[in-house]
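Here is the structure we will look at.
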Amino acid sequence: RFEGITMAPPDPILGVSEAFKADTNELKLNLGVGAYRTEELQPYVLNVVKKAENLMLERGDNKEYLPIEGLAAFNKATAELLFGAGHPVIKEQKVATIQGLSGTGSLRLAAALIERYFPGAKVLISAPTWGNHKNIFNDAKVPWSEYRYYDPKTIGLDFNGMIQDIKEAPEGSFILLHGCAHNPTGIDPTPEQWVKIADVIQEKNHIPFFDVAYQGFASGSLDEDAASVRLFAERGMEFFVAQSYSKNLGLYAERIGAINVVCSSADAAIRVKSQLKRIARPMYSNPPVHGARIVANVVGDATMFGEWKAEMEMMAGRIKTVRQKLYDSLVSKDKSGKDWSFILKQIGMFSFTGLNKAQSDNMTNKWHVYMTKDGRISLAGLSMAKCEYLADAIIDSYHN
Ligand code: PLP
Ligand code: TYF
């Protein structure tokens, strides 16, 4: 009976927002969840999204069910955004794409496909990674283990450890990779390192599994942020790519994303797509239409596509500006001689500060700065006006 059900633990990231809401101190700052805020620290709806929504209203679009695989115009747009329109894998129809419930739901579909068609195969995930990855594979009953990624000594990439662990994984493992702007560390491989990663994955017959939650949001350029994925596509490899429009179009609550499976033939892609649909059907039957229409409209119209890119550059630019200001504030205030340059080397929404759990607790308890206990801060939730205050909090916490 229900009486026997025990309390589930809160989500370590979304739980931070709950704690933030309960704090009444005026100085409080929410750097927990990765959600973009304006300089006034308010949520931001992109102008191009409002424009697309107005257009949809004017047209009187209906609310009929979508097919199981989602909106055709969206699926076409999302694959083209990822690989580049006219890419051979698209022209040769080797990509099976279906609309998913944002990044999370798309990852979950791929996990279910792995569980069905690759029994016993292991997924390797980076240490650390986005916390939900473990939940997703656990719930899908897919075994996983970690590969080395973050090196606390340098607050950088443990590249040799990563390569060695990928090499030593059982042949035919799935290797989960963050396409760009690694969450939570903000540390990405260099283009040269990506080539070596592709080499070992190919040597060991592993199957890459990209999670692309920040395309365009890291560098400000959609193409640049897809370079890692395209490198693997160029090599004719088979792989997964989960996509999300939560961050780059600010569609967090619309739950819009996709799972793409790059196959070695058009025929295999048709079969894979049929199986993805079979997995989706008993889970949620068919996906929501609103976000899919927004993406299809924005990407499908040259003017709106241009406006989106400009707003994305603006958002990515604001994060880069506060990153620089935080660094400058730390350097000018900290008298210990500590090297803070790692902050500038990181990319995307997050910075991994190197603060441990006790120090992160000090950030929250003494300074009212809300962040995850792994030392991650979301720079998307930081304003220019708060950089100096944050620098004081970090220096105090580091040295206490
Ligand atoms: N993957 C990574 C690495 C993320 O950081 C996130 C969060 O934004 C997601 C996937 C999925 O988010 P959503 O389900 O909102 O698309
Ligand atoms: O890492 C983050 O902050 C984002 C947002 O269950 C997020 O990816 C966090 C937790 C979660 C879903 C999204």
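Worth a mention:
- Rounded to the nearest 500, the helix-only mean residue ellipticity at 222 nm of the chain stands at -14000 deg cm²/dmol, with each DSSP H run of n ≥ 4 adding -39,500 (n - 2.57).
- DSSP-defined antiparallel bridges as percent of all bridges, the chain, nearest 5: 50 percent
- Exposure check, 1.4 Å probe, all protein chains in place: T364 carries approximately 20 Å² of accessible surface.
- Sparse-neighbourhood loop sites, GluC sites (Glu not before Pro) in the stretch 142-210 - DSSP loop, at most 16 other Cβ within 10 angstrom: E171
- Two-site FRET efficiency, L27 against M314, from Cβ-Cβ distance with R₀ of 30 Å, rounded to 0.05: 0.65
- Extending 7 Å from Cα along the Cβ direction at Y117 and again at D199 yields two label points whose distance is 3.0 nm.
- Selected from Q99, S221, F83, residue furthest toward positive end of dipole (the stretch 65-300; charges at beta carbon): Q99
- Loop-located GluC sites (Glu not before Pro) in the stretch 30-82, at most 14 other Cβ atoms within 10 Å (DSSP): E39, E40, E64
- Environment charge at F217 (Cβ cut-off 9 Å; Lys +1, Arg +1, Asp -1, Glu -1): 0
- The angle separating the long axis of helix 159-168 from the principal Cα axis of greatest extent in the chain is about 40 degrees.
- DSSP loop trypsin sites (Lys or Arg not before Pro) with at most 11 other Cβ within 10 Å excluded, longest remaining stretch of the chain: 154-334
- Its relative contact order, with pairs defined as Cα atoms under 8 Å and 6+ residues apart, puts the stretch 65-300 at 31 percent.
- Tilt relative to the chain, helix 72-83 - C-alpha long axis, 0 to 90 degrees, to 10: 60 degrees
- Taking all protein chains together and rolling a 1.4 Å probe, H290 ends up with roughly 50 Å² accessible.
- Per DSSP, loop chymotrypsin sites (Phe, Trp or Tyr not before Pro) in the stretch 55-105 with at most 13 further Cβ within 10 Å: Y65
- Long-range amide H partners of L177 with built H, under 5 Å: F209, F210, D211
- Principal-axis analysis of the Cα atoms of the chain puts helix 266-284 at an angle of about 60° to the longest axis.
- For W144, the amide hydrogen comes within under 5 Å of the amide hydrogens of V123, counting only partners 5 or more places away or on other chains and with H modelled in the peptide plane.
The values are calculated or read from the model by the stated rules, or taken from the named source; none is laboratory data. Just so we're clear, the structure is a prediction, and the values are computed from it rather than from any experiment. Cβ atoms come from the backbone with ideal geometry, glycine included; neighbour counts cover every protein chain shown. Please note that ligands, DNA and RNA were not included when accessible areas were found on the heavy atoms of the full protein model with its side chains. Shrake-Rupley method; radii C 1.70, N 1.55, O 1.52, S 1.80 Å.
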